[in-house]
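The values are calculated or read from the model by the stated rules, or taken from the named source; none is laboratory data. Remember, predicted model here, so these are calculated numbers, not experimental data. Glycine gets a Cβ as well: all are built from the backbone with ideal geometry, and neighbour counts include every protein chain shown.
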Amino acid sequence: MREKIGKICKNVHRKVTPKKEERSRIETLTRRLKRKVASAAKEAKIKAKIRVEGSVAKDTWLSEEPDIDIFMRVPTSVPRKSLGDICLRVAKKATEGSKQVERFAEHPYLEAFVENVRINIVPCYDTKQGEWHSATDRTSFHTDYMKKNLNPKMRSEVRLLKRFMKGIEAYGAEIKTGGFSGYLCELLILHYGSFIKTLEAFAWHRQRIIVDIEGHYGNRENEITLLFKDPLVVIDPVDKGRNVASAVRAEKLHTFFAAAQAFLEKPSQTFFFPPATIPLTQNEARRKLRERGSTIVFVVFDGLKTVPDILWGQLYKSQRSLRRLVQLNCFELLRDTAWSDEKNVNMFIFEVGQRRISSVKKHVGPPLDKESECRKFLRKHVRNAHTVCGPYVEDERWAVILKRKCSDVAELLDSTLKDGGRNAGVAEQISYALCKGYRILINEEALEIYGKNREFALFLTEFLDGRPKWLVTSDDQRN
């Protein structure tokens, strides 16, 4: 098995390591863009130190997937509220004529595409270590730390881990993904020493994982437990008060656990390079929806004019609230998620066992020896219009059968969202969009969107299948 794993890793490494010509092209483009940003900053009379950061600076980038991160380090005298806007003007000027997208982390930054390469131009403050004014101030220190500590062999191992994370869809710390950042992957390799040792550490570990490379806390693990509640804690070597893994959602961490174990047991390049999704035809999708045996509810509404990180934060917050609503109303929730093409269409998806449930429910009250609670229970239910039967005594407790407020999951969602759903916990911007209009589609009714939106067709194809791509064997692909 070790021999097979080694052969696979060697093949993957060859694919993900940039060749000489590609390196030369990216280095030339990086130098040119750095000069353009410096020139645009000078023209705007903004004093800024221009630095290349991220995977290109650390030589951990993947072939054919370079992201060039250019940081503008400005004096701390620049007001925090102006930081993003000032640097956006400079970034737009420096990448004039290219496709530009405003992004948002702690503050706005610009994503541009130049010569088919993603460029991130990010503002930060020129500070000393530990004197942070914004989250991005640490980035230069991260770059310097990794350039000093990662040797060439480790950089190769980082590439393997990054490609593995991408293959299992657990790469990226942005809110939409909630996965492992590039810096986190680098720290894991620095700590464990190799890609395989990292997989082994996670595959069989089910307790809390704590990594403190610089030994900031020494043997004081109790202190770490008090400071950080996350299941994966990786102390930032340049900032002991920060957990680099805090953005990793439990779902992505558990996906890594499972994928690491599966790869070590049955290694395959599929983990690194999963097969592309081929959308079902509309007839195939219709058949699957009809024969599935469950009910899938789609709450569809128009896109929001906001940056993706804010959009996904609002979608996930609202989804959690609506999930609770469905569960509290006794519907059998099988799966749920949020989806967006980040342009025109947003939706919440709920898969339930049945669309309609019994119009009555049994509600068990307090034990008979709880006199005060029993009196309250009886006062509430004896003459209540929703009481169908009871109160009656059963197994030493009072019980009652009540009419449900809502027995149709679509009606429940509709009645909740008519006023935007703020009382149910829907996030502010999502609530505003819902107030302007939404549609509730059941099962194959969603195919009207399926036929018009390829992104949704790809999503629904994967949702209906449910399996992570790395579980799809070669036999599955042939069939």
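At-a-glance table
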item: Of all residues making up the range 418-437, the number that are in contact with a Ser or Thr (Cβ under 9 Å, 6 or more places away or on another chain) and farther than 17 Å from Leu311 by Cα; result: 3
item: All helices (runs of 4 or more DSSP H) inside the range 180-287 with 3 or more residues being under 30 Å from Asp465 (Cβ atoms) and over 19 Å from the mean Cα position of the chain (by Cα); result: 195-203, 250-265
item: Residues within the range 369-397 that are among the polar types (S, T, N, Q) and either assigned by TED's automatic domain parsing to the domain that holds Cys330 or in a loop (DSSP other than H, G, I, E, B) (or both), tallied; result: 1
item: Selection count, the range 150-164, where residues are surrounded by 24 or more Cβ atoms within 10 Å (Cβ to Cβ) and either touching a Gly at 6+ places or on another chain (Cβ under 9 Å) or more than 18 Å from Asp67 (Cα to Cα) (or both); result: 3
item: In the range 316-368, residue farthest from the chain's Cα centre (by Cα) [restricted to those that are assigned to a strand (DSSP E or B) and among the basic types (Lys, Arg)]; result: Lys362
item: Count - residues of the range 102-132 that are without any contact (Cβ under 8 Å) to a residue 60 or more places away in the chain, out of contact with any helix residue (DSSP H, G or I) (no Cβ under 7 Å at 6 or more places or on another chain) and surrounded by fewer than 19 Cβ atoms within 10 Å (Cβ to Cβ); result: 5
item: Which listed residue, of Glu448, Glu411, is assigned to a helix (DSSP H, G or I), at pLDDT 95 or above and either under 13 Å from Phe301 (Cα atoms) or not hydrophobic (A, V, I, L, M, F, W, C) (or both); result: Glu411
item: Every residue from the range 75-116 that is among the hydrophobic types (A, V, I, L, M, F, W, C) and touching an Asp or Glu at 6+ places or on another chain (Cβ under 8 Å); result: Leu88, Val101, Phe104, Ala105, Leu110
item: Criterion (farther than 30 Å from Leu160 by Cα, out of contact with any His (no Cβ under 8 Å at 6 or more places or on another chain) and free of Cβ contacts under 8 Å to residues at least 60 places away in the same chain) met by exactly one of Leu322, Leu280, Leu304, Leu328; result: Leu328
item: From the options Ala245, Ala250, Ala276, residue that is surrounded by 21 or more Cβ atoms within 10 Å (Cβ to Cβ) and either under 30 Å from Glu221 (Cβ atoms) or not assigned by TED's automatic domain parsing to the domain that holds Gly218 (or both); result: Ala245
item: Candidate set from the range 334-348 (those that are buried (at least 16 other Cβ atoms within 10 Å of the Cβ) and modelled with pLDDT of 95 or more); member that is nearest to Asn453 (Cα to Cα); result: Val345
